[in-house]
Amino acid sequence: MLPMLIAEELDVEWSQVHIEQAANNEAMYGRQLTGGSSATPRNWDELRRVGAAARHMLVQAAALGWGVPAPECTTERGRVRHAPSGRTAGYGEVAARAGRQPIPDLATLPLKDPKNYRIIGQRIPQNGVEKIVAGKMAFGIDVRLPGMLFATYEKAPVFGAKVAQADVAAAGAVKGVRKAFIVEGGNDIDGLLPGVAVVADSWWAAKKGRERLQAKWADHPTSSQSSVAFAKRASELSRGEPLTIARNDGDAPGAMKAAAKTLDAAYAYPFLAHATMEPQNCTAHFQDGRMEIWAPTQFPETGRQLVAKTLGLKLENVVVHMVRAGGGFGRRAVNDYMVEAAWIAREANAPVQLIWSREDDLQHDFYRPGGFHFLKGGLDAAGNIISWQNHFVTYTASGQFANDTRMNDTEFPARFIPNYRLGVSSMPLGVPVGPLRAPISNGMSFVMQSFIDELAHLAGQDPLEYRLKLLGDRESVGEGQQAYSAARMRGVLRLVAEKSGWAQRSKLPKRTAMGIAFHYSHRGYFAEVAQVTVATDGRIKIDNVWVAGDVGRQIINPLNAENQVQGAVLDGISTALYQKVLIENGAASVGNFDTYPLLRISDAPPVQVHFLPSDNSPTGLGEPALPPIVPALTNAIFAATGVRIRNLPIDTDSLKA
């Protein structure tokens, strides 16, 4: 999408465009990262202006060479034209002179009228997709250097525990192993943790050497933590007053007492792993005081800084080459694997590629944090929500909220209910947590949209109409980054209802039903409908999913936009149906894909994507389509079976007829 913005304003043929990954150099290029669905909002104006500036300079150069006024010149498909004289020149012919022209003020350059777009808005395949399909694309794990060795790195099951003992001699005796050694590491959970490295001629030899280590680990406080204990403690905390009140509109307790109907519900969602198809890996080479790194990272510059700090190197002596990543979803925003590879390469005195096993990848993640919500809702005689109370129990680390464990005090339906109270309590956490696709929203949407659905059924009202009534007739609430457009959300709700045939759902067969949900996150407004059929033995078949999204006035690349939405929906379905990471004795109780399954192609439903243009700047698509699918799915299951899902992943045994 980014090169398309430049190419459009530069006025070239897309077939003339060749894309190369820029070097990691934030001093030259500005922030270089991928995350937060931020590429579109950050670059929509800037990169179009880059293309327009280059076009301007090419025109100036051609006009100067011809001795004609620049305003008389136009561009088309990579050529400058002077209509009065009939002269034309290819961009390449005037490029050298154009490079000597003054750079114009980007903010004042005129940009194309959208009706004249020839590239933006076209269905252009992802760069390199042919190589990916043919297995020829080089990902991080494919990097090869002359004389390169391979490494494994054994860490304690309990996050951060130090090495008490390891038989490095036994590991070193394995054929092909060059070196095995203990790394003391530190206490920073997102830095170089203690472990044992095995370096060998092949990864298989390194793996076999690792199996001989018989490592033992020191005691660590996190070993007392478990998912069972967290759930028990959350329940205990819920029975008392919240430790803090994050939002308190009106008088929620008083309104609850006056309510015609009330409902209490406890919701929970688990820790989740990222499960990237390409496990964490990194190649590093230390030579002449300079560390060179090839890493599939989302945040190359922070990784560079981490390596420099940990190894005591000057920042200018650390170079990071960005290579293609086989999935990220937030996991590769943390560069623990990068600093591990760098440390091992320095000790090995050779180029080294560190590859985590699948078990390493699942057992040493920065997990999507779990959470607990204890909700109370009160309705008036007409079924309107007059009181909403949520006691949210979450986690802290080092006395502060752990990464991505907060709940925004403007999370819907805040500001749409007159008597709204959000209380927060917390428990200490030693398990590493971090962002996973649509962080925070991916759990909150399940809870909020499920409970709204419960209240709609309690009121005996259509779940769609109930949501529209809750949104009201206001244009928006809040300002700036806290703004929430009720109008845009109403728009996508009505669109998804139309496309899904929501009004005809009563004609569906027995144990087949639809569920609806919406969510605003990462600047995108999305509403989704899932249709499911639940067999009498509890098996779930997702028949269809409809998505309506509002991400502004322009879909830059419809092909990849649909891909992002469909991928997000299938990602969310996978988490809802199958995935959880249990913590037992301070360690992640998960192994490979046998214990952490992913959605299979045969179970993936068709996902129909519809965009609703609005008069707003374009925004990102990597994340906002994921949150609504989970409650849409669980709401559909309730409509089909009468069983309300309040804990994830879905327990199919509870759905048996």
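Taken about its Cα centre, segment 310-392 carries a charge dipole of about 200 debye when Lys and Arg each add +1 at the Cβ and Asp and Glu each add -1 at the Cβ.
Going by C-beta contacts inside 10 Å, put Met28, Met57 in order with the fewest on the left.
Result, fewest neighbours first: Met28, Met57.
In loop segments of segment 420-451 as defined by DSSP, there are no chymotrypsin sites (Phe, Trp or Tyr not before Pro) with at most 12 further C-beta atoms inside 10 Å of their C-beta. When the Cα gyration tensor is reduced to axis lengths a ≥ b ≥ c, the ratio a/c is 1.5 or higher for segment 488-586, and with a/b not above b/c it is classed as oblate.
Between the amide H of Phe392 and those of Phe374, Gly423, Val424, Ser425, distances stay under 5 Å, these residues lying 5 or more places away or on another chain, with hydrogens modeled in the peptide plane.
As a test, work out the antiparallel percent of DSSP beta bridges whose residues both lie in the chain, rounded to the nearest 5.
75 percent
Close amide H pairs (under 5 Å, H built 1.01 Å from N) link Gly121 with Asn557, residues at least 5 positions away or on another chain.
Going through segment 156-239, which trypsin sites (Lys or Arg not before Pro) have at most 13 other Cβ atoms within 10 Å and a DSSP loop state?
Numbers: sites: Lys162, Lys175, Arg178, Lys179, Lys207, Lys208, Arg210, Arg212, Lys216, Lys232, Arg233, Arg239; in loops: Lys162, Lys175, Arg212, Arg239.
Listed in order of number, the matching sites are Lys175, Arg239.
Placing unit charges on each Cβ (+1 for Lys and Arg, -1 for Asp and Glu) gives the chain a dipole about its Cα centre, and among Ala161, Pro432, Gln579 the Cα reaching farthest toward its positive end belongs to Gln579.
Among the trypsin sites (Lys or Arg not before Pro) in segment 550-657, those located in a DSSP loop and surrounded by at most 13 other Cβ atoms within 10 Å of their own Cβ are Arg553, Arg600, Lys656. Net charge around Ala265, counting only other residues with Cβ within less than 12 Å of its Cβ (Lys, Arg = +1; Asp, Glu = -1)? Every neighbour counted, the sum reads 0.
Taken about its Cα centre, segment 2-116 carries a charge dipole of about 160 debye when Lys and Arg each add +1 at the Cβ and Asp and Glu each add -1 at the Cβ. About its Cα centre, the chain has a charge dipole of approximately 680 debye under the convention of +1 per Lys or Arg Cβ and -1 per Asp or Glu Cβ, with nothing else charged. In the chain, a dipole from Cβ-located charges (positive for Lys and Arg, negative for Asp and Glu) runs towards its positive end, and of Ala180, Ala639, Ala246 it is Ala639 whose Cα lies farthest in that direction. Counting Lys and Arg as +1 and Asp and Glu as -1 over every other residue whose Cβ lies under 12 Å from the Cβ of Ser445, the net charge comes to -4. For segment 31-41, backbone phi angles converted through the Karplus equation (6.51, -1.76, 1.60; θ = phi - 60°) give residue-by-residue couplings of 4, 10, 6, 10, x, x, 6, 9, 4, 5, x Hz, Gly and Pro being listed as x.
Taking the square roots of five times each eigenvalue of the Cα gyration tensor of segment 171-277, the equivalent ellipsoid has semi-axes of 52, 15, 13 Å, listed largest first. Across segment 579-596, coupling constants 3J(HN,Hα) worked out from phi with the 6.51/-1.76/1.60 Karplus curve, θ = phi - 60°, read 9, 6, 10, 8, 9, 10, 6, x, 10, 7, 8, 7, x, 10, 6, 6, 10, 9 Hz, and Gly and Pro carry x. If you take all other residues with their beta carbon under 15 Å from the beta carbon of Pro114, and give Lys and Arg +1 and Asp and Glu -1, the sum is -1.
Here's the picture: charge each Lys and Arg Cβ at +1 and each Asp and Glu Cβ at -1 in segment 2-116, and of Ser85, Trp44, Ala96 the one pushed furthest to the positive end of that dipole is Ser85. Put in line by how crowded their Cβ is, counting other Cβ atoms within 10 Å and starting with the fewest, His274, His285, His610 read His610, His274, His285.
Largest first, the extents of the alpha carbon coordinates of segment 429-566 on the three principal axes equal 46, 44, 36 Å. Backbone amide hydrogens, once placed in the peptide plane, bring Gly326 within less than 5 Å of Gly140, Glu278, excluding anything fewer than 5 places away on its chain.
Please work out the ratio of the alpha-carbon Rg of the chain to 2.2 N^0.38 Å and round it to two decimals.
1.07
Sorted ascending by nearby beta carbons within 10 Å, beginning with the fewest, Glu26, Glu316, Glu454 become Glu316, Glu26, Glu454. Residue by residue, segment 149-158 carries 3J(HN,Hα) couplings of 9, 10, 9, 10, 9, 8, 10, 5, x, 7 Hz when phi is fed to the Karplus relation 6.51 cos²θ - 1.76 cosθ + 1.60 (θ = phi - 60°); x denotes Gly or Pro. With all projection directions averaged, the alpha carbon convex hull of segment 2-116 covers 8.4 nm².
A short reminder: the numbers here are calculations on the coordinates, not readings from a lab. Quick caveat, the model's predicted, so the values are computed rather than measured. Methodologically, a virtual Cβ is constructed for each residue, glycine included, from the backbone with ideal geometry; neighbour enumeration extends over all protein chains shown.
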